[in-house]
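Scroll down for the structure; my scribbles are underneath it.
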Amino acid sequence: YYCSCVGVEEHHAVDIDLYHCPNCAILHGPSLMKKRRNWHRHDYTELDDGSKPVQAGTRTFVKQLRARSFPSADEVILKMHGSQLTQRYLEKHGFDVPIMVPKLDGLGLRLPPPTFSVLDVERYVGGDKVIDVIDVARQADSKMKLHNYIKYFTNPDRPKVLNVISLEFSDTKMSELVEVPDIARKLSWVENYWPDDSVFPKPFVQKYCLMGVQDSYTDFHIDFGGTSVWYHVLWGEKIFYLIKPTDENLALYESWSSSVTQSEVYFGDKVDKCYKCVVKQGHTLFVPTGWIHAVLTSQDCMAFGGNFLHNLNIGMQLRCYEMEKRLKTPDLFKFPFFEAICWFVAKNLLETLKELREDGFQPPSYLVQGVKALLTALKLWMKKELVTEHAFEIPDNIRPGHLIKELSKVIRSVEEENSKLVKTQGILGVCPSSRSSHETPSPHHSRRRVRKLRDHATKTPSNLDILELHTREVLKRLEMSPWEEASINSKLNGRFNKPFQPSSTVPEWRTKDNDLRLLLSNGRIIRDERHPFTDRSLYTADSEDEDDRTRSKKMTVKVEDQPSGAEGEGNADAQKPLN
């Protein structure tokens, strides 16, 4: 029978030894249940003769786990304020170790208050929604209506330990109550590269609600597709057991995962170090790509979390995906359309690398290494003997052969330029810090260019970019003859004649009057569209008073009439009133 047809919960059906249908129950009584014979095996009907080892998730296992001692995760994790966890920080220092943020401030993470209960989850998501529930003692998955799980959770008498870790609520009313952390949104491949017109459904993996009763346990795993993950404990407490994704540990993990005795062997004992990390109420934990981890719910708990792929660890993400395929992980537990998003990312990163080269910037090394790993994977998927297996996830608007060829060409060029740069430095003995901005652009410029496509809309240059371009033109002119200069003037005027939009890094109050009004070249005014400056809100508290502003304004006019030699002396005062 279907469990729903006869009013039996799926997780409860395995406990029935002899089923009595409703008609027979009248004559013969209720169904006969299996008898428990042990507390340490997934099959609790096995005789406890002391010969069989403890299996993960059972009551005995959890009791033993609580009694174990572990090195503290403080040895490896970073603790920081939410405002410090920026894209620029991770691009500079890498995202290779877990990061703990003790407070919400500065994360951009919006959540319901800690008074939000499981009953509220039912109200926002809907009691009829069918969810995946894990029977912890058997480490088995079953289906259940949310209403029935909430009823179980709120009942103090719980015959079983049931855990919910995969309730994705992006398509429910509860989604409006939660905003994911800024860093997860800014790095996410899905947010940045997934096209709106894709024939594949957009993967929703950024908003999960986790509800677990005390002693819930999830055994060691790597998150699907090598995704990084954020967790925030709204109330209660979770304990993470963390293992570094070294080559040795990953090989051990793959061997352990494919073993028939997996549930009987505690993976933490097989590795050099397994760290214990307690995540308390109000704390947020970020776990990077490939980290092997298990989770124990030490007290009734509600947490929110989400998964995201990103550019910082492309090689490790692909490595985890290939491992999933070797382990024959069911599609249900894999990142949706992982290969499709890799094609979308490859197409976008090709454009990014081309733009960086055109602008004379070297791409950051993490991006070059990531694109090389991506290129290797794409070539593998397009091999003659494998292409039929992978063709389904190639997007319609992408020409795989052409894309691979173009990516190979760009990577080859980047590596050739890098090797030339190294040779030049070796021969000439040039100190990197003494070279001009044309030869070694700052990492900030490179990162800004790399982020260009991530923001979907192409941004016009910031004030610093415009100043740099203008300076270059002026320097070129100093070496030009008069007739060359005349032909360049029209080009320069056109370049700066675009409507200016503020950089995303400029505070909002600075963008109110940010257009380029006055353009000078060699002391001559090329364009003058100034109008009286009246918006007092653009002055900071320590700006000059009204008289000083008027004086400075007059000084600006005087500077315009002076020959080019006086430009440098007047500029500082001329710009002083503007913040």
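The values are calculated or read from the model by the stated rules, or taken from the named source; none is laboratory data. All values derive from a computational prediction rather than experimental measurement. So basically every Cβ, Gly included, is an ideal-geometry build from the backbone, and we count neighbours across all protein chains shown. With ligands, DNA and RNA removed, areas are computed over all heavy atoms of the protein, side chains included. Shrake-Rupley method; radii C 1.70, N 1.55, O 1.52, S 1.80 Å.
A few remarks follow.
- Matching entry among Ala56, Ala67 (being loosely packed, with under 14 Cβ neighbours inside 10 Å and within 37 Å of the chain's Cα centre (by Cα)): Ala67
- Looking only at residues of region 380-408 that are within 21 Å of Arg319 (Cα to Cα) and in contact with a helix residue (DSSP H, G or I) (Cβ under 6 Å, 6 or more places away or on another chain), we find that the one that is surrounded by the most Cβ atoms within 10 Å (Cβ to Cβ) is Leu407.
- Scanning region 275-288 for residues that are open to solvent by 10 Å² or more (accessible area, probe 1.4 Å) and of a type outside the set (D, E, K, R) gives Tyr275, Val278, Gln281, Gly282, His283.
- Residue in region 139-156 that is open to solvent by less than 20 Å² (accessible area, probe 1.4 Å) and part of a loop (DSSP other than H, G, I, E, B) present: no
- Within region 239-274, the set of residues being open to solvent by less than 10 Å² (accessible area, probe 1.4 Å) and in a strand (DSSP E or B) comprises Phe240, Tyr241, Leu242, Ile243.
- Of residues in region 176-201 being of a type in the set (Val, Ile, Thr) and open to solvent by less than 80 Å² (accessible area, probe 1.4 Å), the one nearest to Leu111 (Cα to Cα): Val178
- Asp182 over 22 Å from Ser228 (Cβ atoms) and among the acidic types (Asp, Glu): no
- Count of residues meeting criterion [touching a residue at least 40 places away in the same chain (Cβ under 8 Å) and in a loop (DSSP other than H, G, I, E, B)] in region 71-116: 20
- Extreme residue, modelled with the lowest pLDDT, among residues of region 299-341 that are polar (S, T, N, Q) and either surrounded by fewer than 19 Cβ atoms within 10 Å (Cβ to Cβ) or on the phi > 0 side of the Ramachandran plot (or both): Thr329
- Of everything listed in (1) under 17 Å from the mean Cα position of the chain (by Cα); (2) small (Gly, Ala, Ser); (3) open to solvent by 10 Å² or more (accessible area, probe 1.4 Å), the single unmet condition for Ala373 is (1).
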